[in-house]
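Report on one structure; see the data block that follows.
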Amino acid sequence: MNYLVGAFKPPCNIFISFTDGRSRKQVPLKKENGKTVMVALFQSQENIVGEVVVIEPIHGKKVEHNGVKIELLGQIELYFDRGNFYDFTSLVRELDVPGELYERKTYPFEFSTVEMPYESYNGVNVRLRYILKVTISRNYVSNIVEYQDFVVRNYTPPPSINNSIKMEVGIEDCLHIEFEYSKSKYHLKDVIIGKIYFLLVRIKLKNMELEIRRRESTGSGPNTYVETETLAKFELMDGAPVRGESIPIRLFLSPYELTPTYRNINNKFSVKYYLNLVLVDEEDRRYFKQQEITMYRNLEAS
Amino acid sequence: MLNGTEDEEKWLAEGIAGIQHNAFYMHRALDSNNLREALKYSAQMLSELRTSKLSPHKYYELYMRAFDELKRLELFFKDDSKHGVSVVDLYELVQHAGNILPRLYLLCTVGSIYIKSKEAPAKEVLKDLVEMCRGVQHPIRGLFLRSYLAQISRDKLPDIGSEYEGDADTVMDAVDFVLQNFTEMNKLWVRMQHQGPGGVREKREKERSELQDLVGKNLHVLSQIEGVDLEMYKETVLPRVLEQVVNCKDDLAQYYLMDCIIQVFPDEYHLQTLETLLGACPQLQPTVDVKTVLSRLMDRLSNYAASSADVLPEFLQVEAFSKLSNAIGKVIEAQLDMPAVGAITLYVSLLTFTLRVHPDRLDHVDQVLGACVKKLSNIPKLEDSRAMKQVVALLSAPLEKYNDIVTALTLSNYPRVMDHLDIGTNKLMAMVIIQSIMKNNSCISTADKVEVLFELIKGLIKDIDGADVDELDEEDFKEEQNSVARLIHMLYNDEPEEMLKIICIVRKHTMVGGPKRLPFTVSSLVFSALRLLRQLQGQEGDIVGEEASMTPNKNFQLLTQAANGCDIEHVAYEFFTQAFVLYEEEIADSKAQVTAIHLIIGTLQRMNVFGVENRDTLTHKATGYSARLLKKADQCRAVYACSHLFWVDDQDGIKDGERVLLCLKRALRIANAAQQMANVARGSGGPVSLFVEILNKYIYFFEKGNKQITSSAIQGLIELINTEMQSDSTNPDSVADAFLASTLRYIQFQKQKGGVMGEKFESIKL
């Protein structure tokens, strides 16, 4: 039996670790099985340095191989297109020439100034991930493979132009409002400041809320899939205002799990954010106006 | 089926249960120092306050429960050793709550700690809080939320001298904050009237008035800010509060807030800003009960003025009276449909005010009364009993103040106001006046004033047209008349002349009172007159001669007439007896005696109350006194005058021809005696004129149809006179000649006239 068990187990174990693993920031990452694990965080242009440890095979068996390599992969995975990974980044380092493994072996590796233009993203229909993949290639039998996820986040400086969003909208002779958000671009821990000014109110409003919506579109052409999630529902106003009333907005973004805006990542997907101002009247009719905002990741704020 | 109240009870119970449930978990979180859980459950607890189903009253109950819990939460927040989060972070953290109402309650709670921590200036935090609270636009929820804000911030304002004091404008910041909260609360409060389901107006107003104190509390806080001095009040606080009051255009709010302003701020501020405050009144909604507002203001100012004499100059300096007076005028003008009672109430307040503040300015009082008259004259008839009451109050005020009707009597508009009262009220007022006089023992000492006074109380003095006599309560009537009687005693002057005038005026007025009133009043009048007499007696030596005697006799005359008027025989009789006693004992001067006796005779002649017996006694006495005068001529004249006592030329007067003749004969005898005495004394003829005078009496009675006087008797008398004239030629008396001549001419004239009278005189030959 033991033999049989041994036959299905990989003949040896591989561990991948980063040199600065202890000091490097760890962030949570949701795996396919729903579990969240802490993984190392990198950004573009960083050196990814570490070592791969191959534990000697059990029962003192030898493992013949055609070579050991480590790959750094950046993949986009579209769920409706299961199994197809699009590698937008693929770097390889050969760790060992073909031979035999019979004892514990440590291979240092280094990818210097790696270009990782896209951020890790875990969406509804799409996933963008970075992995280190160690492969021990063998003849006739399956290769021994080990993966190590890591997360990439890229920081952008505050935009030089950041106009406010100001708009007057309404339904003729029923409702006229003017709203203003102080900025059109927000970093992830930013605060949305603004106000809504009621120019005309002829309907009996019950409340007003501000929603943050994420619109994820995947694919292209006729195969475009769009998924919209409401990430936040924030009540701005309770009760019915009268003409001339102005209602303040202050919405802290930090409690919500937002990402930067992604535009057309590798022609595969986009993630955009919208502020949706919703007015609800006493008959629960909803009047809304949606405005896109740009999210960015700011180094200082994170 | 549940009815509305039961439903509400149910909802309230559910709300309370919800609060208790979440509070339980919150407490657990607090005990285990779990901030996240504490925030979660406190927000859930506060979500119970999001209900729209409760009336303000019930909502308040719910609010109080939450309020108590928030106090616990605040203690936890304050102690950062427990949760390890800085207050700044906490301030952000609570704003993550998705629902606005719990979010803002928590924000206020943390805000209060934030201020206390002094990590940010109080003004910044307060400004942020009051601004954020705009998010709650629902009237009831908004009011309670802002009330909570006011509550927690009250001791944390950046006031001068407070530990939260900021930079130079610190007070302004405090004021701005409170004013803004006040403004917003008022807006919400006013909005209650117009929002929500179209319920019954009364119910809504009732609900609103339950909430009024929440709004008013802000004004109270404002008044408590140390740094608000007069300058700031004048320049900032009042104008801004008034702006809000005027602009909200809601009668309930305007009324309450105006009243609130008046009540919470110090009197001297009101005084110095009177113009601004009053300027707002005409701008209020027409349905606002401005009169009560103004009345309260004036009451306050009056009390202030009364509190210390030191403040009076301030009132003068700001011309408080004229400003108030103007304002009232404007308000009355503007509110045409204001009921009379309203206008009069205003005047009453103004009057009270001026009486307190300018007691020396009677012209002000008169001015107020004048304005009131003007207002009243636009109203055809004052039927509103409340209005009537107010008029009475208006009229009573000066009396109470001056304790002296005399002052009131100088007010020209006083009687004019009284004219507008209905009969009953007029009487009532008259009673008030009298009682005032009684109470203060004030003495009315000039005839003019007495005249005015009686004009005022004429409702008591005589029947007024249209009065329903049947309705008179006998007892009330007695009471009234007794009062009048007592009043008469209060009229007094040391100077007999003036006193006499007074008595005459009183007589004039009381005489018209009719038989029902006179029995009450006349006796007083008599006693008053008697007192005057007694006084004169005590002054013998001082007043001598004719004048002195004239006076009492005139008194007697008028008093007996009074007695006559009221058909009280025994009073009149007693009075005459007194007159005779007086005559006998006091009037020593012969000339005075002559005048007196003529007065007595004249008066007696006009009396018609006496029975035969009494009259006989009196006439007999009068005749007796006449015959005992010093000079024969006087005796003669008095005696022939007595003849009239037996011949009253009235419908049913006494016509005792025989005794007339007796008198005349007696007069003739005296004249004869006088003639002889004159002859003896001076050797010349006496005054023939006496005979001519007696002749005239004969002719008079002859004409009146006294059968005892015959043409032959006249004939004889003429001859006698002629004889006397001739014998007396040495000493011709031109006056007597002329007198005789004209008498004869009269006879001649009567003869020529013909008719019944002509025939009568025919037999007399000249």
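Selection of region A:20-46 for residues being in a loop (DSSP other than H, G, I, E, B) and under 22 Å from A:Thr135 (Cβ atoms) yields A:Gly21, A:Lys31, A:Glu32.
Name the residues in region A:97-129 that are in a strand (DSSP E or B) and at pLDDT 90 or above, would you? Once the filter is applied, which keeps residues that are in a strand (DSSP E or B) and at pLDDT 90 or above, region A:97-129 yields A:Thr106, A:Tyr107, A:Pro108, A:Phe109, A:Glu110, A:Phe111, A:Tyr121, A:Asn122, A:Val126, A:Arg127, A:Leu128, A:Arg129. Scanning region B:134-149 for residues being within 11 Å of chain A (Cβ to nearest Cβ) and either buried (at least 24 other Cβ atoms within 10 Å of the Cβ) or in a loop (DSSP other than H, G, I, E, B) (or both) gives a total of 9.
Would you mind telling me which numbered condition in (1) under 25 Å from B:Leu277 (Cβ atoms); (2) buried (at least 18 other Cβ atoms within 10 Å of the Cβ); (3) at pLDDT 75 or above B:Gln335 fails? Of everything listed in (1) under 25 Å from B:Leu277 (Cβ atoms); (2) buried (at least 18 other Cβ atoms within 10 Å of the Cβ); (3) at pLDDT 75 or above, B:Gln335 misses just condition (3). The set of residues from region A:136-192 being in a loop (DSSP other than H, G, I, E, B), surrounded by 15 or more Cβ atoms within 10 Å (Cβ to Cβ) and of a type in the set (Gly, Ala, Ser) comprises A:Ser182, A:Ser184. Looking across A:Glu216, A:Glu211, one residue alone is acidic (Asp, Glu) and away from chain B (no Cβ under 14 Å). It is A:Glu216. For region B:99-133, the set of residues classified as in contact with a Gly (Cβ under 9 Å, 6 or more places away or on another chain), within 11 Å of another protein chain (Cβ to nearest Cβ) and among the charged types (D, E, K, R) consists of B:Arg103, B:Asp128, listed by residue number.
Residues in region B:400-442 that are over 19 Å from B:Gly342 (Cα atoms), modelled with pLDDT of 75 or more and hydrophobic (A, V, I, L, M, F, W, C): B:Leu411, B:Leu428, B:Met429, B:Ala430, B:Met431, B:Val432, B:Ile433, B:Ile434, B:Ile437, B:Met438. Here the condition is being within 14 Å of chain A (Cβ to nearest Cβ) and surrounded by fewer than 21 Cβ atoms within 10 Å (Cβ to Cβ); of B:Val94, B:Val85, it holds for B:Val85 alone.
Checking every residue in region B:43-66 against the condition of being within 13 Å of chain A (Cβ to nearest Cβ), part of a helix (DSSP H, G or I) and of a type in the set (Gly, Ala, Ser) gives at least one match. When each of A:Ile196, A:Ile203, A:Ile249 is tested for being β-branched (Val, Ile, Thr), within 14 Å of chain B (Cβ to nearest Cβ), more than 25 Å from A:Thr156 (Cα to Cα) and surrounded by fewer than 17 Cβ atoms within 10 Å (Cβ to Cβ), the lone residue that passes is A:Ile203. All conditions in (1) within 14 Å of chain A (Cβ to nearest Cβ); (2) in a helix (DSSP H, G or I); (3) more than 17 Å from B:Leu104 (Cα to Cα) hold for B:His194, with the sole exception of (2). Of the strands (runs of 3 or more DSSP E) that lie entirely inside region A:222-275, those containing 1 or more residues that are free of Cβ contacts under 8 Å to residues at least 40 places away in the same chain, under 20 Å from B:Leu129 (Cα atoms) and among the charged types (D, E, K, R) span A:225-238.
Looking across region B:69-82 at every residue that is of a type in the set (D, E, K, R) and in contact (Cβ under 8 Å) with a residue 12 or more places away in the chain, the one that is farthest from the other protein chains (Cβ to nearest Cβ) is identified as B:Arg72. In region B:23-33, is there at least one residue being crowded, with 16+ Cβ neighbours inside 10 Å, within 14 Å of another protein chain (Cβ to nearest Cβ) and in contact (Cβ under 8 Å) with a residue 24 or more places away in the chain? No - not one qualifying residue is present in region B:23-33. For A:Tyr273, the criteria (1) more than 14 Å from chain B (Cβ to nearest Cβ); (2) buried (at least 17 other Cβ atoms within 10 Å of the Cβ); (3) at pLDDT below 95 hold in every case but one, which is (3).
Checking each residue of region A:212-220 against the condition of being within 19 Å of A:Gly123 (Cβ to Cβ) and part of a loop (DSSP other than H, G, I, E, B) gives at least one match.
Can you pull out every residue in region B:346-383 that is buried (at least 16 other Cβ atoms within 10 Å of the Cβ) and in a loop (DSSP other than H, G, I, E, B)? If the condition is that a residue be buried (at least 16 other Cβ atoms within 10 Å of the Cβ) and in a loop (DSSP other than H, G, I, E, B), then B:His358, B:Pro359, B:Leu382 are the ones that fit.
Taking region B:220-256 as the range and being of a type in the set (Gly, Ala, Ser), over 21 Å from B:Asp289 (Cα atoms) and in a helix (DSSP H, G or I) as the test, only B:Ser223 passes. Could you tell me which residue of region B:214-236 is farthest from B:His57 (Cα to Cα), considering only residues that are of a type in the set (Asp, Glu) and in contact with a helix residue (DSSP H, G or I) (Cβ under 9 Å, 6 or more places away or on another chain)? If we take residues in region B:214-236 being of a type in the set (Asp, Glu) and in contact with a helix residue (DSSP H, G or I) (Cβ under 9 Å, 6 or more places away or on another chain), then B:Asp229 is farthest from B:His57 (Cα to Cα).
The values are calculated or read from the model by the stated rules, or taken from the named source; none is laboratory data. This is a predicted model, so every value here is computed, not measured. Cβ: placed from backbone, ideal geometry, glycine included. Neighbour counts: every protein chain shown.
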